[in-house]
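The values are calculated or read from the model by the stated rules, or taken from the named source; none is laboratory data. Nothing here was measured: the structure is a model prediction, and the numbers come from that model. No Cβ is skipped: glycine too gets one built from the backbone with ideal geometry, and neighbour counts run over all protein chains shown.
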Amino acid sequence: MIQVSELTKDFGTRRAVDSITFGAKKGEILGFLGPNGAGKTTTMRILSGYMPPTSGSVKIGGYDVIENSLEVRRLVGYLPETIPLYPDMTVFEYLKFMADLRQLKNADDRVDEVLEMVQMTDRAEGYIGNISKGMRQRVGLAQALLHKPEVLILDEPTIGLDPAQIIEVRKLIQQVGKQHTVLLSTHILSEAQQICNRVLIINKGHIVAEDTPEHLQARLTGSQKVLLKIKGNIDELVPVIKKVPGIRSVSSVAGGDTLEFETTPNQEARPGVARAVINAGFDLLDLHPESISLEEIFLQLTRDEPPTPDSKASDSGSADNLH
Amino acid sequence: MRNIWTIAKRELKAYFISPIAYVLIFMIMLTLSIFFFIDIYYAVNTQGYIPDIKRTLELLVFPLFFLAIPAITMRTMAEENRMGTIELLLTAPVRDWELVIGKWLGSVLFFMIIIAITLIYPLVLNPMISPGVDIGLLASGYLGIILLMFAMCAIGVFISTLFSNLIAALIVSLIVILVLWIVGVPGQLLTNSLGSFLSFLSFSDHYYNTFLTGILDLKDVVFYLTFTAMGLFFGTISVEVKRWK
């Protein structure tokens, strides 16, 4: 549905997006993760037909974004990060205006439908200048959904919403995602984890990682980290654990009764640890593996500077391992 | 095509939501009314003086429309740029020229409403003078105003596409229209071919010397329509160029 090949975008001398390649199938929910300035919004603006790429090819539904811009714009529902709206129109008037621009039949009914979907039916007659940020977000989302687009491009769709609304919007996105392709950008890593089928991590105009959230976690954790909680003095246990085969390191976690140990790759050390704990006479309360969070992956991948000629390329190797 | 109308309709509604429309209409009508009244008063008290609808038309053109048109057109595109709603319009399936023409049409319709309201003056004047208002002059005078207004709106919309600051759009529009207005003056002073070219460009001459005197000349119609087309054309180009930046 979405095919991006070596997309590059320069603003004068600044290269915002550097030769990125990715795709999304129909019905996929693709997440864009990246720090501010990474190139997410620029990429989305190009995909939505707002601006053309400097080089590379972008196809949506088979239509090229430059040559068939109008068709692409018909296929795409877009919610910009800034949520631009007209403050002098009512919510209903604005949605009707956008529906008319898309030449929808039965515009009035469709507007009522999307208002229902974003739960703004009772605020339809209010002026956009008077509504809260969360409501503006929902109106913006409603606008993107009006023409039942094949592809939804949402730039930070849940920013500014309260927790209840966030859950609603995520449910909505998942629902819509069943029949349509969704590309959304977010800073909230748990959100990407929850709703996206696949995640693209972007940094400084490059795609740094691309995979399902689960695979990303698996790929980055060579070794397994396990948390151990007992009743008693945990410090006495440290030398005992260290003796268990397959343990790479042991450290205590703040709290006094919890230890974290790291196993060498592909070693299942938990049974050995459990036996060691019991044999040493301690009460075992908890023993579970800790998965590396997407947050840690994100930070790891986006913190590294690309190696410059005269600096040591130290841990930038971890980013390279993923490709 | 429908998109042009959708945009024009929304533009017109927006004018009447803000106070600017009412203020402008009020000021224009107030000014015209005062001078109309003075004209008639003078005619009543002076032997041999017949009030003429020409005065109203002249005043409407300058300074009223001259000032009002940039004041209205300044926001047509600059406001969208400023508010960021241009991103919505440019990602909607609307062609760039549909957007520009729609904005132009909205402002044109607004000024047509004002022009229609000013018809009250010849209506009132007609029974007061004999043999009545010169219908030929009236028709050509109003046609000229309409064409002049078309061109000025197009120029205003084009300049609006260049800015996101409304005041900048306003000032540049005023300057451009002013230059076009008085370019005939140096044209008259210079007797060479440059002089006659400049005279030819004069926005004011093409109105005052012809339409306002009852002369309907095709070249004047084409003159204003050409400027209209140029304004809309450059406006469209300007929007497209902004995409590529």
*Just name the residue that is nearest to the chain's Cα centre (by Cα) out of those in the stretch B:95-107 that are more than 24 Å from A:Val72 (Cα to Cα) and crowded, with 24+ Cβ neighbours inside 10 Å.*
B:Ser107
*What residue, of B:Leu12, B:Leu60, is touching a residue at least 24 places away in the same chain (Cβ under 8 Å), more than 14 Å from chain A (Cβ to nearest Cβ), among the hydrophobic types (A, V, I, L, M, F, W, C) and in a helix (DSSP H, G or I)?*
B:Leu60
*Give the residue, chosen from B:Ala43, B:Ala116, B:Ala71, that is surrounded by fewer than 21 Cβ atoms within 10 Å (Cβ to Cβ) and modelled with pLDDT under 90.*
B:Ala43
*Kindly establish whether B:Gly187 is outside any loop (DSSP other than H, G, I, E, B) and either surrounded by fewer than 18 Cβ atoms within 10 Å (Cβ to Cβ) or out of contact with any helix residue (DSSP H, G or I) (no Cβ under 8 Å at 6 or more places or on another chain) (or both).*
no
_On the basis of being in a strand (DSSP E or B) and more than 9 Å from every other protein chain (Cβ to nearest Cβ), does A:Arg110 make the cut?_
no
_Which residue is farthest from A:Lys133 (Cα to Cα), if the candidates are limited to the stretch A:92-107 and must be within 9 Å of chain B (Cβ to nearest Cβ) and assigned to a loop (DSSP other than H, G, I, E, B)?_
A:Gln103
*Answer yes if at least one residue in the stretch A:134-144 is within 14 Å of chain B (Cβ to nearest Cβ), in contact (Cβ under 8 Å) with a residue 60 or more places away in the chain and in contact with a Phe, Trp or Tyr (Cβ under 8 Å, 6 or more places away or on another chain), and no otherwise.*
yes
*Can you spot a residue in the stretch A:187-195 that is assigned by TED's automatic domain parsing to the domain that holds A:Leu70, touching a residue at least 12 places away in the same chain (Cβ under 8 Å) and not in a helix (DSSP H, G or I)?*
yes
*If you go through the stretch A:115-159 one residue at a time, how many are part of a loop (DSSP other than H, G, I, E, B) and farther than 20 Å from A:Met89 by Cβ?*
7
_Residue within the stretch B:203-222 that is within 14 Å of chain A (Cβ to nearest Cβ) and either outside any helix (DSSP H, G or I) or at pLDDT 90 or above (or both) present_ = no
*Which one is nearest to B:Phe233 (Cα to Cα) among residues in the stretch B:77-98 that are among the β-branched types (Val, Ile, Thr) and not in a helix (DSSP H, G or I)?*
B:Val94
_Could you check the stretch A:196-205 and list, in sequence order, the residues that are assigned to a loop (DSSP other than H, G, I, E, B), more than 18 Å from A:Val169 (Cα to Cα) and touching a strand residue (DSSP E or B) at 6+ places or on another chain (Cβ under 6 Å)?_
A:Gly205
*Please find, among A:Glu81, A:Glu168, the residue that is within 24 Å of B:Pro93 (Cα to Cα), among the charged types (D, E, K, R) and surrounded by 15 or more Cβ atoms within 10 Å (Cβ to Cβ).*
A:Glu81
_I need every pair where a residue in the stretch A:106-123 that is closer than 19 Å to A:Ala164 by Cα has its Cβ under 7 Å from the Cβ of a residue that is not polar (S, T, N, Q) and not in a helix (DSSP H, G or I), sequence separation at least 6 or different chains._
A:Val114/A:Leu146; A:Leu115/A:Ala124; A:Arg123/A:Ile131
*Out of B:Ile69, B:Ile53, B:Ile38, B:Ile34, sole residue that is under 24 Å from B:Gly102 (Cβ atoms), out of contact with any strand residue (DSSP E or B) (no Cβ under 9 Å at 6 or more places or on another chain) and not small (Gly, Ala, Ser)*: B:Ile69
*Would you please name the residue that is surrounded by the most Cβ atoms within 10 Å (Cβ to Cβ), looking only at residues in the stretch B:172-183 that are β-branched (Val, Ile, Thr) and either closer than 17 Å to B:Ile20 by Cβ or touching a residue at least 12 places away in the same chain (Cβ under 8 Å) (or both)?*
B:Ile177
*Regarding B:Thr226, is this residue part of a loop (DSSP other than H, G, I, E, B), more than 14 Å from every other protein chain (Cβ to nearest Cβ), of a type outside the set (A, V, I, L, M) and loosely packed, with under 14 Cβ neighbours inside 10 Å?*
no
_Positions within the stretch B:80-92 being without any contact (Cβ under 8 Å) to a residue 24 or more places away in the chain and at the interface with chain A (Cβ under 7 Å from one of its Cβ atoms), in sequence order_ = B:Met83, B:Gly84, B:Thr85, B:Glu87, B:Leu88, B:Thr91, B:Ala92
